Amino acid sequence: MGEPQGSIRILVTGGSGLVGRAIQKVVADGARLPGEDWVFVSSKDADLTDAAQTRALFEKVRPTHVIHLAAMVGGLFRNIKYNLDFWRKNMHINDNVLHSAFEVGVRKVVSCLSTCIFPDKTSYPIDETMIHNGPPHSSNFGYSYAKRMIDVQNRAYFQQHGCTFTAVIPTNVFGPHDNFSIEDGHVLPGLIHKDLARLFIWVLREYDEVEPIILSVGEEDEVSIQEVAEAVVEAMDFHGEVTVSFGSRQETVGFPAGGHGCDAPMALTVSAGGGGVCCFLLEAPPGKARQAKSDGQFKKTASNGKLRAYLPNFRFTPFKQAVRETCAWFTDNYEQARK
């Protein structure tokens, strides 16, 4: 945002979700600048698939800036089942939010995309220039195309009206308040949500390009499914059977008992697919077989070269530390966690 131009009111849609809560905490912990008023809203405040409700929300809040996180989201298996719903609802939400922002004179919008928007058949690492180079993976084409259209709309609003509407492309994010459901959960990569929150705020204030920017750890920080399994087992102090799933193929490995960790009847399932590693911590009888699941996109290695050109010294939370924090939150909030 550079130098403040009068009062700044920042509207965050999807404010009750994983990233929205992280931004809210980072702001509360000291990231708020003088003159900034942050407003976090959820679906309880307005149905953003409805144009009239969206416009009424913007008229009420009168934001100068918007972080747009609201979306119909889900994991691999839910996407496969409801591709049409993901397309229609997200198209309505995104069009309503961007057009309402334009109509009330919002100075800047930062929307949230996803690495799933990239072509399924591509070279690696993927970067910001490759978004529209081919069709996305068939498992979540509805969500992917709807998210791609935000980039199209951003460019069109800039070309026709000079609007500073842009977007970020985070790798899949995890942390406290995540969705741990085996059906609707997503993948566990190397970026914890508090790092993404800090980067979102930087983009809002300092990034002036309309072209999107990938927010990701570097290629050197990628982890294998074996490393994820080991990190979760260590963080949970888990002893017992661990089922490691590679789409339709499953392997069960044992971790020796000892110490004061979790033992049966808790079982731990780690799955590869959908562009990363899914980590689910579920109660289940020991040895109970799990149904084989469909395969998603197995690779989405992203380049953070553009981000590093802007922020060469940004320090990400180490992966094992992020896993420990997430597992600790899940254990402490098991009854309330989404699963």
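The values are calculated or read from the model by the stated rules, or taken from the named source; none is laboratory data. The shown structure was predicted, so the numbers you read here are calculated from the model rather than taken from an experiment. Calculation scope for accessible area: heavy atoms of the full protein, side chains included, ligands and nucleic acids excluded. Shrake-Rupley method; radii C 1.70, N 1.55, O 1.52, S 1.80 Å.
At a 1.4 Å probe radius, carbon and sulfur cover how many percent of the accessible area of region 1-151? Accessible surface attributable to carbon and sulfur in region 1-151 totals 52 percent. Computing Rg and the Kirkwood Rh from the Cα coordinates of region 1-126 gives a ratio, Rg/Rh, of 1.01.
List, in the order given, every pair from LYS89/LYS320; LYS25/LYS108; LYS89/LYS306; LYS60/LYS108; LYS147/LYS194; LYS81/LYS108 whose Cα-Cα distance in the structure shown is over 25 Å. Distance filter (> 25 Å) returns LYS89/LYS320; LYS89/LYS306; LYS81/LYS108. Largest first and in whole Å, the equivalent-ellipsoid semi-axes of region 80-171 read 24, 16, 9, each the square root of five times a Cα gyration tensor eigenvalue. Surface analysis of region 92-160 yields an accessible area of 40 Å² per residue, using protein heavy atoms and a 1.4 Å probe. VAL39 contributes an accessible area of around 40 Å² to the protein surface, as traced by a 1.4 Å probe with all chains present.
Extension gain, LYS44 to VAL210: 0.36 nm times the residue separation minus the Cα-Cα distance gives 56.7 nm.
TRP87 contributes about 90 Å² of solvent-accessible surface, heavy atoms of the protein only, 1.4 Å probe. The figure for ASP45 is an accessible area of roughly 90 square angstrom, using a 1.4 Å probe on the protein chains alone.
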